[in-house]
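What follows is a single structure, written as structure tokens, with notes after it.
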Amino acid sequence: MEHVKELLKSRIEGIHDPVQRILLQDVLADVFTELLQYSEERYARLENKLDMETGDSLRQYYIYTGVCKREDIDNTSRCLFEIKTGQAYGTGYLGRIFLACGYPVIRQCISKEYKAQVITDKGEYETVVSLRYCHAYLDAIGHLYHQFNLSQKQWHTINCPFLYKMLDIVDTKGVVPCDEAVQKVEIMLGELSEYVIYDAVLVWNVQEEIYKSSVETAAADNEGVYIHKIFLQDKVSGYLAAPEGEDFFWTVFSEDNILVHTRKRAHEKMKLLKVAHMDINKDLTGLLYPLQSNYRNMRHVDRQALNNPRCIWTEGETRRILSSYEVFNEFELLDICMDLQGDIPGIDTNHFIKSNSLLKSRRKVALILHPKDSKDIFRYEKMFFLLSELQLCAAEYEWTGILK
């Protein structure tokens, strides 16, 4: 009601006759205030109605990520699961570590080589190793992006700052035989050794599940099409279809079931990727750091913007998009600079997306951000997440960021 009092005060101050001021104050307080309240209530109802009609199409597909020690995983959790990875990548792979340091320090570590002692099932070796971003986890994110595309769901960048602290250990000298099982690796990182965690794993709210499906056959374009109907009991979670051996399929989502159309064969059992609804009260995972997500607070203006994907890129529009993300609460936007000279090193968190832009040279836009917690080791990665989201919205610009 403070804004109402300020509005009434501004109207009354323009009257100098004290008698008229008293009369006007009575009229405004009794009549105008009720009309203003009624008008605000009607506008609020209209906004709510429009919001219900527009909705948030991604409310079931927000991805939460975290990091914990392997022994602290909650195997009974219904919302956090270990990110499954494939086999070791490339020759010389010895394992992975979690390095709890800031982005500038890790960039330096990746550019260097270190002495290491390796214990295998057949002996001990001394060699020289290098560090690189974990290929297995990077590929897992890329695979999820691919499944979003196949299920015709809009992709949003995953906010997983922990991923860029997970580093592969690579034997650069080839000393350790490939046929021996590595049991322990100790890297001589000097003063950084205290920040190394060897048994850390990443977790997220995505899990593969197998569902029974009822199959019908239909004709489409002179070909047989198999229509799989899968009933869903969990209506608050999101789902992506992942039928094995199908290069192309299409899905139809409804409140109670999913229809998956395939061409190659019928699948009595269908693999789905479930994006579980996050309920921290039902999870006992021993996280090393708080969960991170790409959650957006969809205000009325953000819901309306969904119907107008193209916009005029102003400072206000950029601030609107950034402020809708929950993680942006950890920053303060100081300035937006156009055509900033020089290269600013960063991480492309959507490296698996192929750019089809015909623009050979793009204007560079730099966000000047101030992290509210200057000691947060993930502040750079969180900034790169925000920049990647802006890059998806406006590929005609090259988005970069600077922390101050």
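The values are calculated or read from the model by the stated rules, or taken from the named source; none is laboratory data. Just so we're clear, the structure is a prediction, and the values are computed from it rather than from any experiment. All Cβ positions, even for glycine, are placed from backbone atoms using ideal geometry, and neighbour counts span all protein chains on display. To get the accessible areas, we keep the full protein, side chains included, count just its heavy atoms, and leave off ligands, DNA and RNA. Shrake-Rupley method; radii C 1.70, N 1.55, O 1.52, S 1.80 Å.
Near the amide H of residue 399, within less than 5 Å, lie the amide hydrogens of 365, all on another chain or at least 5 residues away, with H placed in the peptide plane.
Measuring against 19 Å, Cα to Cα, the residue pairs 112/375; 69/173; 229/274 contain 112/375; 69/173 as the ones spanning a longer distance. Here the relative contact order of segment 108-167, from alpha carbon pairs under 8 Å that lie six or more residues apart, stands at 30 percent. Solvent-accessible surface of segment 40-190, taken per residue with a 1.4 Å probe and all protein chains present: 52 Å². For residue 314 and residue 235, the difference between the fully extended length at 0.36 nm per residue and the C-alpha to C-alpha distance is 24.6 nm. Other residues lying with their Cβ under 14 Å from the Cβ of residue 270 contribute a combined charge of +1, Lys and Arg counting +1, Asp and Glu -1. The chymotrypsin sites (Phe, Trp or Tyr not before Pro) of segment 207-263 that DSSP puts in a loop, and whose beta carbon has at most 13 other beta carbons within 10 Å, are 248. Probe radius 1.4 Å, ligands and nucleic acids ignored: give me the carbon and sulfur share of the accessible area of segment 161-283 as a rounded percent. Roughly 48 percent of what the probe reaches on segment 161-283 is carbon or sulfur. Straightening the chain between residue 143 and residue 257 buys 38.7 nm, computed as 0.36 nm per residue apart minus the Cα-Cα spacing.
Here the Karplus curve 6.51 cos²θ - 1.76 cosθ + 1.60, taken at θ = phi - 60°, turns the phi angles of segment 165-181 into couplings of 10, 8, 10, 6, 9, 10, 6, 6, 9, x, 6, 6, x, 5, 8, 9, 7 Hz, with x standing for Gly and Pro.
Put a dot 7 Å past the Cα of residue 188, heading toward its Cβ, do the same for residue 244, and the two dots end up 4.7 nm apart. When the GluC sites (Glu not before Pro) in segment 114-212 are filtered for DSSP coil states and for at most 15 other beta-carbon atoms within 10 Å of their beta-carbon, the remaining sites are 180. Straight-line reach from residue 364: taking Cα to Cα under 26 Å and skipping same-chain neighbours fewer than 8 places apart, the lysines in range are 354, 372, 382, 404.
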